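Peer 1: One structure, as structure tokens, below. Some questions next.
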Amino acid sequence: MDQAFISHVNRLPFMLLYLERSSGDWHVRTIHGGWALQFAERVKDGRTAIHDVFDRWADDVLRFIKNIELNNRSGWYALELDVTRLDVYVDLEREHDKPRAIHALVITSSGYGRAGEMLRLDVSALEYMPQPILLHRDGRIRYANAAAYAFFGYRGDSLQDFSPLKLFDRFSRPHFLEAMVSRSEEPFQLIALTADEKTVAVKVKNIHLPADSGMLYMTFIEPKVEQLPHIQAKAPGFDRVSGLMDRQSFYQRLLDRLDPLSPPEGRWALVLLDLDRFKFINETLGHKTGDELIYQVAKRLKKVVSDEEWVARISADEFALFIQLAPSEGASFAEIETVLYERIHRLQTLFSEPFVLAGYEWFISACIGSSIYPDDGTGLDILWQNADMALYRAKEKGYGSSEVFSQEMYAETFHHLLLETNLRRALKEKQFTLYYQPIYDDLSKRLVGLEALIRWQHPELGMISPGEFIPIAEATGMIVPIGNWVLQEATRQLRAWLDAGAQPIRLNVNISLKQFEQNDFTYHVASALKRFSIPPELLEIELTESVIMKNVEESIKKLNELKKMGVRIAVDDFGTGYSSLSYLHRFPIDTVKIDRSFIMDIKPGKSDAVIATAIIQLAHAMGLSVVAEGVELPEQVSFLSTNGCYKMQGYFFGRPMESLHIEPLLIPTA
């Protein structure tokens, strides 16, 4: 392999791997790529054992090879390294109809090279690949390798700035576009269209590239596969229930409308509208009633679009509109936004009147997300992706909400995705740590407890606030393993302090809804106590009102199990939830923690002071302990003590601290 090729490949966020079987065992012959430099250094004399190259990932690689041997075919495979999933294109060399050698192209879409440096794509190396490969951004091909030109039959640089959608037949284009919009990286089958208009069945795979790669998508095309039935689609037309254009027809018309050779004049908006609680209507009243709702919604939507504008039903509960905001591009962006907000308001107004379904009136709402052409994208894929991003943000806000795409939204979403990707590695790479905030008794002037609070120290992004990553952890389900780690780490640290001579002190640990809902939750609590020999009365589990009220009977059952162990239970952020005081006595709780929002402006006569005093009196009447959170000022300490709340937590007594700073407070010096 010549040095020019190697120097190009070593700048790519790939790994090119050549494995060979010899004497029954697999060995690494060569390995190249910017992502693979750490492994390449270990390859000696052109043949090195798998374990010597891949170290702790060797078993993962061997399982991957075993899977290839069992399937005995070239194509796409998944390689799992710890919690990271990598896509691999495999080309086999066979001997006696069994794999003798494996050529593998390993893709990582993280884009990170050594020392976390972001790599840019050097496309020269792709010229050496036998598989057709496209790089495209904003709906335009920026690069096609020699294999792509040969396969599609184009010459020179004629594919430059060509829409990738036009390389597939009209029935395949919506599937290709949908895969890009959804960022799906699963292989799928389409019908390719060559320069001389011949059709060829192909397997396609899109890789979404990192922002700094200079590209947005890399598309791999694998010719000569069997055509799937869904490719032989019917001609695009209309949705039978709504009478509107269907998804495929809308895609195709919009694709043609946004042709860069004859773009639409003026400013337009792509609007996506998603019905709230449609699934509930369908399941409660039946599909016939659901169809009736769709028909009525479509009828109302038709009333607010002109002859030049389009509306379509694109999924079970989702509609799309392409509407004109201004006939020319002379208006400012602020003026265009104002027009769009007016149109969105008109759409929302359509849902102010009830729908008559099954003889009853039903009020239905909808979430709306939109993007503006050409400001938010000139290609259909980007325009749709941005409108979809806005719709997702609207749905996060709640029923009946709307959002217009903005670059700030893109930056926030990108940051969210970055955190989500890194969050999956953080636990395994031990990036989390616990801080501890003191809880003081103002009456005895003693430290009486600690609350364990998680922190994320990312190696490149620095300290990440729990307010940023906890919602992501909850949304992805990562909160369960993270919560279990917190429980184990907190009890381990408590045992370390006790062994070092600390007086017994109570430790509070927060539990999330998803963690509490797990069937084995109480097992994990008991396991942590047993593992580190912690007296159960030293552990206090903190749950918010909303958590214990989610399923009252199930909560009572689990809380009683904790009480049997001897563990204490606290209701956190008390006063902010929706629990009824009549329910409070049913829960076997020991402590209520007054939320900081009632402490901030706590002055005699003020409503917050009245609420805080009522909580204190209620807790005392029920024989419960009370802790005030967020105490920062001497006046707050004075008010709380005067009204019988002596246990307090907040910056006045101490900020959350690392364990080494807490230790002197617990262990008396000689």
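Peer 1: Is there a residue in the range 478-485 that is polar (S, T, N, Q), in contact with a Leu (Cβ under 9 Å, 6 or more places away or on another chain) and in the same structural domain as Leu624 (by TED's automatic domain parsing)?
Peer 2: So in the range 478-485, the residues polar (S, T, N, Q) come out as 484.
Going one step further and asking which of them are in contact with a Leu (Cβ under 9 Å, 6 or more places away or on another chain), we end up with none.
No; the residues of the range 478-485 include none that is polar (S, T, N, Q), in contact with a Leu (Cβ under 9 Å, 6 or more places away or on another chain) and in the same structural domain as Leu624 (by TED's automatic domain parsing).
Peer 1: When the residues of the range 274-285 are narrowed to those that are touching a residue at least 60 places away in the same chain (Cβ under 8 Å) and out of contact with any helix residue (DSSP H, G or I) (no Cβ under 8 Å at 6 or more places or on another chain), which ends up surrounded by the fewest Cβ atoms within 10 Å (Cβ to Cβ)?
Peer 2: Going through the qualifying residues, I end up with Arg277.
Peer 1: Can you pull out every residue in the range 162-184 that is under 17 Å from His208 (Cβ atoms), buried (at least 17 other Cβ atoms within 10 Å of the Cβ) and charged (D, E, K, R)?
Peer 2: Within the range 162-184, Glu178 is the sole residue that qualifies.
Peer 1: Another question, if that's okay. Of everything in the range 369-403, what is in a strand (DSSP E or B) and of a type in the set (Gly, Ala, Ser)? Give them in sequence order. Reasoning before the result, please.
Peer 2: At the first step, the residues of the range 369-403 found to be in a strand (DSSP E or B) are 369-373, 402-403.
The answer is Gly369, Ser370, Ser371, Ser402.
Peer 1: Something else: Can you name the residue in the range 635-645 that is touching a residue at least 60 places away in the same chain (Cβ under 8 Å) and crowded, with 18+ Cβ neighbours inside 10 Å and is also nearest to Lys606 (Cα to Cα) among such residues?
Peer 2: Just the residues of the range 635-645 that are touching a residue at least 60 places away in the same chain (Cβ under 8 Å), to begin with: 637, 640-641.
Then keep just the ones that are crowded, with 18+ Cβ neighbours inside 10 Å; that gives 637, 640.
Numbers: Val637: 16, Leu640: 14 Å.
In this case the residue turns out to be Leu640.
Peer 1: Note down all Cβ pairs under 8 Å where the first residue falls in the range 548-573 and is under 21 Å from Arg506 (Cα atoms) and assigned by TED's automatic domain parsing to the domain that holds Ile589, the second is among the basic types (Lys, Arg) and part of a helix (DSSP H, G or I), and they're at least six residues apart or on different chains.
Peer 2: Every condition considered, the pairs that remain are Ile569/Lys563.
Peer 1: Next question, about the same structure. Can you name every one of the strands (runs of 3 or more DSSP E) wholly within the range 284-368 that holds 3 or more residues which are out of contact with any His (no Cβ under 8 Å at 6 or more places or on another chain) and over 19 Å from Pro264 (Cα atoms)? Break it down into steps so the answer makes sense when it comes.
Peer 2: Numbers: elements: 310-315, 318-326, 355-357, 360-362.
Ranges flagged: 310-315, 355-357, 360-362.
Peer 1: Across the range 455-481, which residue is farthest from the chain's Cα centre (by Cα) among those that are among the β-branched types (Val, Ile, Thr) and part of a helix (DSSP H, G or I)? Full working, then the answer.
Peer 2: Just the residues of the range 455-481 that are among the β-branched types (Val, Ile, Thr), to begin with: 464, 470, 472, 476, 479-480.
Retained after the next criterion (residues that are part of a helix (DSSP H, G or I)): 470, 472, 476, 479-480.
On the way: Ile470: 12, Ile472: 7, Thr476: 6, Ile479: 13, Val480: 15 Å.
This residue is Val480.
Peer 1: Right, next: In the range 57-76, what residues are at pLDDT 80 or above and not hydrophobic (A, V, I, L, M, F, W, C)? Steps first, please.
Peer 2: The first filter runs over the range 57-76 and keeps only residues at pLDDT 80 or above, leaving 57-73.
Scanning the range 57-76 gives Asp59, Asp60, Arg63, Lys66, Asn67, Glu69, Asn71, Asn72, Arg73.
Peer 1: Ok, one more. Please tell me if Val271 is modelled with pLDDT of 80 or more, β-branched (Val, Ile, Thr), more than 30 Å from Asp87 (Cβ to Cβ) and surrounded by 18 or more Cβ atoms within 10 Å (Cβ to Cβ). If you could, list the steps in order and put the result at the bottom.
Peer 2: Values: modelled with pLDDT of 80 or more: yes; β-branched (Val, Ile, Thr): yes; more than 30 Å from Asp87 (Cβ to Cβ): yes; surrounded by 18 or more Cβ atoms within 10 Å (Cβ to Cβ): yes.
Yes; evaluated as a whole, the condition is true for this residue.
Peer 1: Filter the range 508-520 down to residues that are surrounded by fewer than 21 Cβ atoms within 10 Å (Cβ to Cβ) and either touching a residue at least 24 places away in the same chain (Cβ under 8 Å) or over 26 Å from the mean Cα position of the chain (by Cα) (or both), then give me how many there are.
Peer 2: Let us first name the residues in the range 508-520 that are surrounded by fewer than 21 Cβ atoms within 10 Å (Cβ to Cβ), namely 512-514, 517-520.
From what's left, either touching a residue at least 24 places away in the same chain (Cβ under 8 Å) or over 26 Å from the mean Cα position of the chain (by Cα) (or both): 512-514, 517-518.
Count: 5.
Peer 1: Of the residues in the range 519-534, how many are more than 15 Å from Val509 (Cβ to Cβ) and not small (Gly, Ala, Ser)?
Peer 2: Step one: filter the range 519-534 for residues more than 15 Å from Val509 (Cβ to Cβ), giving 519-520, 523, 530, 533.
If we keep only those that are not small (Gly, Ala, Ser) too, we end up with 519-520, 523, 530.
Counting residues in the range 519-534 that are more than 15 Å from Val509 (Cβ to Cβ) and not small (Gly, Ala, Ser) gives 4.
Peer 1: Return the pair list, or none, for Cβ contacts closer than 6 Å from residues in the range 54-77 that are over 12 Å from Lys98 (Cα atoms) to residues that are of a type in the set (Phe, Trp, Tyr), at least 6 apart or on different chains.
Peer 2: That search, which allows pairs on different chains as well, returns Val61/Phe54; Ile65/Trp26; Trp76/Tyr89.
Peer 1: Scan the range 148-172 residue by residue and report those that are at pLDDT 85 or above and of a type in the set (Lys, Arg).
Peer 2: Passing the criteria: only Lys166.
Peer 1: If you don't mind, there's one more thing I want to ask. Report yes if Val448 is out of contact with any helix residue (DSSP H, G or I) (no Cβ under 7 Å at 6 or more places or on another chain) and of a type in the set (Val, Ile, Thr), otherwise no.
Peer 2: Yes; evaluated as a whole, the condition is true for this residue.
Peer 1: Say we look at the range 431-454 and pick out the residues that are without any contact (Cβ under 8 Å) to a residue 60 or more places away in the chain and under 35 Å from the mean Cα position of the chain (by Cα); which of these is nearest to Val626 (Cα to Cα)?
Peer 2: This residue is Ala452.
Peer 1: Let me ask another. Against the conditions (1) modelled with pLDDT of 85 or more; (2) out of contact with any Leu (no Cβ under 9 Å at 6 or more places or on another chain), where does Gly237 fall short? Just the number, please.
Peer 2: With (1) modelled with pLDDT of 85 or more; (2) out of contact with any Leu (no Cβ under 9 Å at 6 or more places or on another chain) applied to Gly237, the lone miss is (1).
Peer 1: Here's a follow-up. Looking only at the range 531-545, decide whether some residue is crowded, with 20+ Cβ neighbours inside 10 Å and part of a helix (DSSP H, G or I).
Peer 2: yes
Peer 1: Another one. Among the residues of the range 574-599, write down those that are at pLDDT 85 or above and surrounded by 21 or more Cβ atoms within 10 Å (Cβ to Cβ). Give the steps one after another, and end with the answer.
Peer 2: Taking the range 574-599 first, the residues at pLDDT 85 or above are 587-599.
Those that are at pLDDT 85 or above and surrounded by 21 or more Cβ atoms within 10 Å (Cβ to Cβ): Ile589, Thr591, Val592, Lys593, Ile594, Asp595, Phe598, Ile599.
Peer 1: Does the range 410-418 contain any residue that is β-branched (Val, Ile, Thr) and either in a loop (DSSP other than H, G, I, E, B) or outside the structural domain of Asp572 (by TED's automatic domain parsing) (or both)? First the steps, then the outcome.
Peer 2: We begin by selecting, within the range 410-418, every residue β-branched (Val, Ile, Thr); these are 413.
Checking the rest, the ones that are also either in a loop (DSSP other than H, G, I, E, B) or outside the structural domain of Asp572 (by TED's automatic domain parsing) (or both) come to 413.
Yes, the conditions are met somewhere in the range 410-418.
The values are calculated or read from the model by the stated rules, or taken from the named source; none is laboratory data. The structure presented is a predicted model; accordingly, all values stated were derived computationally and were not measured. Cβ coordinates were reconstructed from backbone atoms using ideal geometry, including for glycine residues, and neighbour counts include every protein chain displayed.
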